[in-house]
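The values are calculated or read from the model by the stated rules, or taken from the named source; none is laboratory data. Here the structure is a predicted model, which means the values were calculated and not measured. Neighbour counts run over all protein chains shown; Cβ positions are idealised from the backbone, glycine included. To get the accessible areas, we keep the full protein, side chains included, count just its heavy atoms, and leave off ligands, DNA and RNA. Shrake-Rupley method; radii C 1.70, N 1.55, O 1.52, S 1.80 Å.
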Amino acid sequence: MSACPACIALEGAPVTIAPHANLLLYSETGINFWEKATGLAEYYVCHACRTAWERDIARSEPDAVWKHASRPLEGAAALSE
């Protein structure tokens, strides 16, 4: 299945852009980059096209963008059904 228009628009967008209406939060975890930055990593799955996304939110990463999930989200297909 190809990405839906909302996911296509999200590709490379700043992490300050809110998740679109069909993105379901799959999980989130705290991040720590060598004690220099702390923040939150959020993982989403699109209910419309099943694309998996992640965004890292940390003050030290002001240029961070939405990106495709770098790890498999086990059971993510069931979330979007």
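What the table below lists for this structure:
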item: Residues whose placed amide H lies under 5 Å from that of Ala69, excluding near-sequence neighbours; result: Ala52, Trp53, Glu54
item: Long-range HN-HN contacts of Ala13 with modeled amide H, under 5 Å; result: Trp66
item: Using θ = phi - 60° and Karplus 6.51 cos²θ - 1.76 cosθ + 1.60, couplings along the stretch 23-31 (whole Hz; Gly, Pro as x); result: 7, 9, 5, 8, 6, 8, 8, x, 10
item: Prolate/oblate/rounded label for the stretch 5-72 (Cα gyration tensor, a/c 1.5); result: prolate
item: Accessible surface of the stretch 5-72, 1.4 Å probe, proportion on carbon and sulfur as whole %; result: 56
item: Cβ charges +1 (Lys, Arg) and -1 (Asp, Glu), total dipole of the stretch 5-72, debye; result: 120
item: Amide H contacts of Cys49 (H built 1.01 Å from N, under 5 Å, at least 5 apart or other chain); result: Cys4
item: Accessible area in square angstrom per residue, the stretch 5-72, 1.4 angstrom probe; result: 63
